[in-house]
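A short worksheet on the structure shown next.
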Amino acid sequence: MINTLSRMIRTGILTEEVPHAPKTDLAIGDLQENIRKILGRALCIRHVDAGSCSGCELEIQALNNPYYNIEGIGIKFVASPRHADLLLVTGPVSVNMEEALKRTFDAVPDPKLVIAVGDCGACGGIFGKNYASLGAVADVIPIDHSVKGCPPAPVAILQAILQTIQSTTA
Amino acid sequence: MTPEFKKGAKTLPSNLPCHHKRVGAVEWWETAKSARSAGGRLLALWGADDRDRDSRYRVYAAYLEADGIAVVGHEMEGGTKPTYPSLREFFPSALRMERAIFDLLGIKSMEPDHRGWVRHSGWPENTFPLRRDFYGNTQFAVVSKPYPFVQVEGDGVHEIPVGPVHAGTIEPGHFRFSVVGEKVLRLEERLGYKHKGIEKRFETMVQKEGHKLAARISGDSAVAYSWAYCTALEAITSTSCPPRSVQLRALALEHERLANHLGDLGALGNDAGFAFGLTQFSRMKEDLLRTNQAHFGARYLMDFVVPGGVESDLPNNAPRLLLDRYNMLETDVVSMRNTYDNHAGIQDRFRETGILAHETAWKLDAVGVAARASGIPHDLRTDFPCPPYDKMNVKVSTQTSGDVAARVAVRFDELIESLHICRALVAGLSDGDFRSAVPDAEPGLLGIGVIEAWRGPVLIALETGSNGSIRRCHPHDPSWQNWPLLEYAILGNLVPDFPLINKSFNLSYSGHDV
């Protein structure tokens, strides 16, 4: 126990300053206030892997590490689409995942937001469209925003989330 | 390999000693039998449609044996119902590969289970996408059909369906548990959700671009796959890479191993209710990814390994900074191992949970971390060390208990060993170029690349086409062999322990579904 405690103290707080959403000077405090005003609670995100290589998943997972500490700014990942406000979808959407993705989308209560993550989610990426891949997420369900990169860095994903909230709350 | 096999076999271009022989149906079955009795393991199984060339279909099996890889090719007349003898009797892991071969090529093994594996409802039953006369961009309307899971009957037995969308930031797959109370009687996996036609996509690419797709077969093993692809192409074209480039590849591969093991150890702590573990390990992983960004130019090294070498050289100040990073990381890992080992709550969850017995692992062709945790001491980096591992003397870590604790211990050992390798690589970096030119390959040549990724050996079988094109490329992930192990490791355990057991294997869905 003493080792655990002393390591916590030695590690200290690593959380970095939250990046601004591009093209906005909205301070993070205002953003949190906006989220709270509209939702009355944290923004809940449900992630759906619709056929990615799993690279994007690793960077989405990184958002929970102490450097990005996404829960610290009032955004959390939830286990059920029925609890979610926003879907983070990675792609390309495989034919075998099409139905699951559509059903997950339908299960999210309105109003809902969708962000396509990564080159493949945004435009099909290197896999493109073929007999087994439907390409971009936008070709299967409506999206609000997309973030490119292979895989996109956690900061880029966070910026996309902030920008999507910003454009909704503005 | 038996002397009879070697007689009449020809060598194949590969980074490992590799022999190839074309055989008839009887010899196909007998080679499997003798490979099994000699302690060989099935490395991969794939098919090809060569009707355009000689009116035949082919099926290939790659066995890893004491003296190298034996690639056995069996050809079938291109009639309406090509069949071949199943390898399941000797190598149970072959069954799912045979089902996938049927889905994609319509070549049937003589096995009764022909439920679709990678074909769900996305394309019609008698359509086979990997055949030459199938146009890859054809799309079909999905007609959803239920999958006949094996039913478990009896008093109080009920089913729990899980997935394909899971509660967490992970990949999609379906698990069907048959349980009594909380105890798991049977688990049946259904995979293939991420099948996105990678093998067909390869056939539209040129040889010099294929490594980019290879790196995206399973994003967490990008370096291993792109290296396996490149080494197959380099073997076919007899290209020798500069020593510095193979050292940098190995450094990238070890960084990939470090990052994944760190991530897994954190997630395993978290699944055992120890969030502190996740915080600490995810911090270490992030530090390592930032180191990658600074020295290799990207957090995940998707495009680092290229045909002939690597994409970029290390910056001048890298060696000193890297050595500092390794020292810090080692101190942290040793300290966290101490914390995990002495934490009663964690040990209570880890020990005797999800046991994979040695006999089961051996029978089911286990590979990689899972195999080493059940007492199968195989690692290509020591069994067949290709440069730069031939100068490294890598220590293989094994455990015998086969439980979650064993798979955790193997990961801790491998972290420390990887750090030793990284230090040696950085300290002994050769001078000179980091990339050499690769000529276009002759058409119709088959080459094999095998690399020990963090999860186990990945294999790329590459067949060249004319004018620098790819005729056929089959990637094989170690998850093919290891997914069935999970169905055994969970037996008799509680449903709530499944996430922990699953994570302790941490298998790839994408690499398996391709």
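Checking every one of the trypsin sites (Lys or Arg not before Pro) in the range B:1-96 against DSSP loop status and a limit of 11 other Cβ atoms within 10 Å picks out B:7.
Mean projection of the alpha-carbon convex hull of the range B:29-87 over all orientations, in nm²? Mind showing how you got there, number by number?
On the way: hull surface 16.7 nm².
Averaged projected area of the range B:29-87's Cα convex hull equals 4.2 nm².
Need the C-alpha centroid separation for the range B:200-265 versus the range B:19-57, integer Å. Centre-to-centre distance over Cα atoms comes out at 26 Å. Ignoring lysines fewer than eight residues from residue B:21 along the same chain, the ones with Cα atoms less than 30 angstrom from its Cα are B:6, B:7, B:10, B:33, B:81, B:108, B:200, B:208, B:363. Taking 7 Å steps out from each Cα toward its Cβ at residue B:352 and residue A:1 produces label points 2.6 nm apart. Using a simple spin-label model with points 7 Å from Cα along the Cα→Cβ vector, what separation in nm is obtained for residue B:144 and residue B:66? Distance between label points: 5.4 nm. Averaging 1/r across all pairs of distinct Cα atoms in the range B:3-109 and inverting the result yields a Kirkwood radius of 14.0 Å.
Stretched out fully, how many nm does the piece from residue B:89 to residue B:330 gain, at 0.36 nm a residue minus the Cα gap?
Values: separation 241, 0.36 × 241 = 86.76 nm, distance 4.46 nm.
Full-extension gain reported as 82.3 nm.
Just tell me the longest site-free run in chain A, where the sites are trypsin sites (Lys or Arg not before Pro) in a DSSP loop having at most 14 other beta-carbon atoms within 10 Å. Don't skip to the end; give the middle numbers.
Details: sites that count: A:23, A:41.
The longest uninterrupted stretch comes out as A:42-170.
Could you tell me which chymotrypsin sites (Phe, Trp or Tyr not before Pro) in the range A:67-170 are loop residues by DSSP with no more than 12 other beta carbons within 10 angstrom of their beta carbon?
Details: sites: A:67, A:68, A:77, A:105, A:127, A:131; in loops: A:67, A:68, A:127, A:131.
Those that pass, being in a loop and sparsely packed, number zero.
Helix content alone sets the calculated 222 nm mean residue ellipticity of the protein assembly as shown: runs of n ≥ 4 DSSP H residues at -39500 (n - 2.57) each, divided across all residues, give -12000 deg cm²/dmol. Considering only the Cα atoms of the protein assembly as shown, their convex hull presents on average a projected area of 29.4 nm².
Computed about its Cα centre, the charge dipole of the range B:439-514 is approximately 80 debye, with only Lys, Arg, Asp and Glu carrying charge at their Cβ.
The trypsin sites (Lys or Arg not before Pro) found in the range B:245-288 include none that occupy coil by DSSP while having at most 11 further C-beta atoms within 10 Å.
Along the axis of the charge dipole computed for the range B:3-109 (Cβ charges of +1 for Lys and Arg, -1 for Asp and Glu, origin at the Cα centre), the listed residues B:66, B:3, B:104 are led at the positive end by B:66.
Summing Cβ point charges (Lys, Arg +1; Asp, Glu -1) relative to the Cα centre of the range B:32-146 gives a dipole of roughly 280 debye.
Put the Cα centre of the range B:403-453 next to the Cα centre of the range B:72-120 and the gap is 32 Å. Taken residue by residue and averaged, Cβ atoms of other chains lying within 10 Å of the Cβ of A:11-19 number 1. How are the alpha carbon pair distances in chain B distributed across 10 Å bins from zero to the largest one, expressed in percent? Pairs per bin, as whole percents: 4, 19, 30, 27, 16, 4, 0, 0.
Principal-axis analysis of the Cα atoms of chain A puts helix A:154-169 at an angle of about 80° to the longest axis.
Stretching residue B:180 away from residue B:54 to a fully extended chain increases their span by 39.9 nm, per 0.36 nm per residue minus the current alpha-carbon distance.
Taking the range B:25-65 and a reference point 7 angstrom along Cα→Cβ of residue B:10, the backbone N atoms nearer than 18 Å belong to B:50, B:53-56, B:58-61.
Placing +1 on the Cβ of every Lys and Arg and -1 on the Cβ of every Asp and Glu, with no other charges, gives chain B a dipole of roughly 600 debye about its Cα centre. Can you list the residues of the range B:296-319 with backbone N under 20 Å from a point 7 Å past the Cα of residue B:433, pointing along Cα to Cβ? B:304-315, by backbone N distance to the label point. Computed extension gain for residue B:316 through residue B:209, at 0.36 nm per residue and net of the alpha carbon distance, reaches 35.7 nm.
FYI, it's all coordinate maths here, none of it is from the lab. Fair warning: this is a prediction, and the values are worked out from it, not measured in the lab. Methodologically, a virtual Cβ is constructed for each residue, glycine included, from the backbone with ideal geometry; neighbour enumeration extends over all protein chains shown.
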